[in-house]
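S.K.: Please find one structure pasted underneath; my questions will follow.
Derivation of every value follows stated rules applied to the coordinates shown; laboratory data play no part. The shown structure was predicted, so the numbers you read here are calculated from the model rather than taken from an experiment. Note: ideal-geometry Cβ built from the backbone for every residue, glycine included; neighbour counts use all protein chains shown.
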Amino acid sequence: MRNRSPRHFLSLMLTGLLLALPTSLASAEPPPVSDARIREFRDLRFGMFVCWSFSTFSNVEWTRGVKQVDFFNPTGFDPDQWCEAAKDAGMKYILFLTKHHDGFCLWDTQTTERKVTRSPLMVDALKKMREACDRHGLKLALYFSEGDWTWPDNKNAELKKAQLKELCTQYGPIEFFWLDFAQTDGGLDLATTVQWIKQFQPNCFAGSNGNRTGADLHIGEMGAGFVLDDAAKAKGCRAAEFTYPILGGRKEGTGYGRWFYTMPEWDSRVVPAADIYQDYLAAVKSDNIFSLDVAPDRAGKIRDIDLKTLHEVGEMIRKPR
């Protein structure tokens, strides 16, 4: 072993001090993702968005006023079924809802008692989702509502940061975050939020609805395939995603385009497989990724009609063209 100079030992001490600093002080703004990572991300192409929370049990999209977490009471939670259905459809990732505007967390957070492990399910649903994705060879992405009705004026920057840190450090790797701006930015602007996420998940993309500056992923809520334009690129976007629900899709005037499971009376309503396949082709042509929302029912299972439709889509994708 070579002799080490005093300067070498001083360097080691300084390195140790830097590593001991809080992440917010020790980390500069993360570098942009590489071209290779952008190509890898775009190759995801097609995935399943899973909206599952209080609204699954309420028959409305935004469920206000729920005080007790036992309102969330699934009886047959089966993330393996979700992953199997996604694979059958030719999908490569799951986009999982971690928290909607009601503040109910689908992971075992330490920031609130308003969480899935306090519900009758009594398991960390996100942890089970992570494990199922790993078993089935699927990537994992996360939806997160930036604002929260349990916070004053829907804002609490420190709690938002704490929750995102838990998600980034306990459930990764995470392919991308779908940040919902419908109830404010939670007290932390988008650019700062994305920088915070990338301290822990540097290869993760992050996007938000609302066409805001600061994200590297362009989100197309209730959208279709589109070419990433110069305006979006100027804002820093390097990739594009679009999404809509299988229960109604983008159709206007039908009254049933819904993100969450609704009611048994609507179990025959579904976007036709041929329409979904055409949007898949549009995603391929436009170099987008397409997140099809397939909401589990009140038991925690995917509807039979959705399973059938997803299988048909997968058959179309696998058929030589």
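S.K.: Can you give the helix-only mean residue ellipticity at 222 nm for the chain, where every DSSP H stretch with n ≥ 4 adds -39500 (n - 2.57) and the sum goes over all residues, rounded to the nearest 500 deg cm²/dmol?
M.R.: Taken over the chain, the calculation gives -10000 deg cm²/dmol.
S.K.: Taking H placed 1.01 Å from N in the peptide plane, check which residues at least 5 places from Ile289 or on another chain put their amide H under 5 Å from its amide H.
M.R.: Under 5 Å from the amide H of Ile289: Ala240, Glu241, Phe242.
S.K.: Also, quick follow-up: To the nearest 10 degrees, how steeply does helix 125-136 sit against the main Cα axis of the chain, on a 0 to 90 scale?
M.R.: On a 0 to 90 degree scale, this one is about 90.
S.K.: Whole-Hz Karplus ³J(HN,Hα) for segment 72-88, in order, using 6.51 cos²θ - 1.76 cosθ + 1.60 and θ = phi - 60°, x for Gly and Pro?
M.R.: With coefficients 6.51, -1.76 and 1.60, one gets 8, 9, x, 10, x, 3, 9, x, 5, 4, 4, 5, 4, 5, 5, 4, 4 Hz.
S.K.: Give, as a single signed number, the net charge of other residues whose beta carbon lies under 11 Å from the beta carbon of Leu126, with Lys and Arg counted +1 and Asp and Glu -1.
M.R.: +1
S.K.: Given a Förster distance of 25 angstrom, what is the FRET efficiency for Gln110 paired with Glu61, based on the Cβ-Cβ distance and rounded to 0.05?
M.R.: In this case the efficiency is close to 0.30.
S.K.: Listing Val194, Val116, Val123 from the residue with the fewest other Cβ atoms within 10 Å to the one with the most, what is the order?
M.R.: Going from sparsest to densest Cβ surroundings: Val123, Val194, Val116.
S.K.: Defining a contact as two alpha carbons under 8 Å apart and six or more residues distant in sequence, what relative contact order in percent does the chain show?
M.R.: Reported as a whole number, the value is 21 percent.
S.K.: So for the pair Gln81, Val227, with labels modelled 7 Å out along Cα→Cβ, what separation do we get in nm?
M.R.: Each label point lies 7 Å from its Cα, and together they span 4.3 nm.
S.K.: Could I ask something else about it? Taking neighbour counts of Cβ atoms within 10 Å as a proxy for exposure, in what order, fewest first, do Met91, Met316 appear?
M.R.: Met316, Met91
S.K.: Pop out the ³J(HN,Hα) list for segment 173-188 in order, Karplus 6.51 cos²θ - 1.76 cosθ + 1.60 with θ = phi - 60°, rounded to Hz; leave Gly and Pro as x.
M.R.: x, 10, 6, 7, 9, 9, 8, 8, 9, 4, 10, 6, 8, x, x, 9
S.K.: Could I ask something else about it? Take the Cβ-Cβ distance between Ala157 and Asn73 as r, set R0 to 45 Å, and report the resulting FRET efficiency rounded to the nearest 0.05.
M.R.: Taking R0 as 45 Å, the efficiency between Ala157 and Asn73 is 0.90.
S.K.: Please arrange Leu121, Leu97, Leu228 by counting, for each residue, the other beta carbons lying within 10 Å of its beta carbon, fewest first.
M.R.: Going from sparsest to densest Cβ surroundings: Leu228, Leu121, Leu97.
S.K.: Go ahead and run the numbers for FRET between Val284 and His136, Cβ-Cβ distance against an R0 of 22 Å, rounding to 0.05.
M.R.: So, using R0 = 22 Å, E works out to roughly 0.45.
S.K.: How much length would be gained if the chain were fully extended between Lys308 and Arg321, taking 0.36 nm per residue of separation minus their Cα-Cα distance, in nm to one decimal?
M.R.: 2.5 nm
S.K.: Amide H neighbours of Asp180 under 5 Å, at least 5 residues apart or on other chains, H built in the peptide plane: list them.
M.R.: The answer is Phe144, Ser145, Glu146.
S.K.: What is the spin-label model distance, in nm, from Asp88 to Arg39 if the labels are put 7 Å beyond Cα along the C-beta direction?
M.R.: Label-label distance for Asp88 and Arg39, simple model: 3.4 nm.
S.K.: A follow-up question, please. Can you flag which of Lys87/Lys115; Lys92/Lys308; Lys165/Lys285; Lys99/Lys161 are past 24 Å Cα-Cα?
M.R.: Going by Cα-Cα distance, Lys87/Lys115; Lys165/Lys285 fall outside the 24 Å limit.
S.K.: Highest first, please rank the peptides 75-84, 214-223 by the mean number of other Cβ atoms sitting within 10 Å of their residues.
M.R.: Result, highest mean Cβ count within 10 Å first: 214-223, 75-84.
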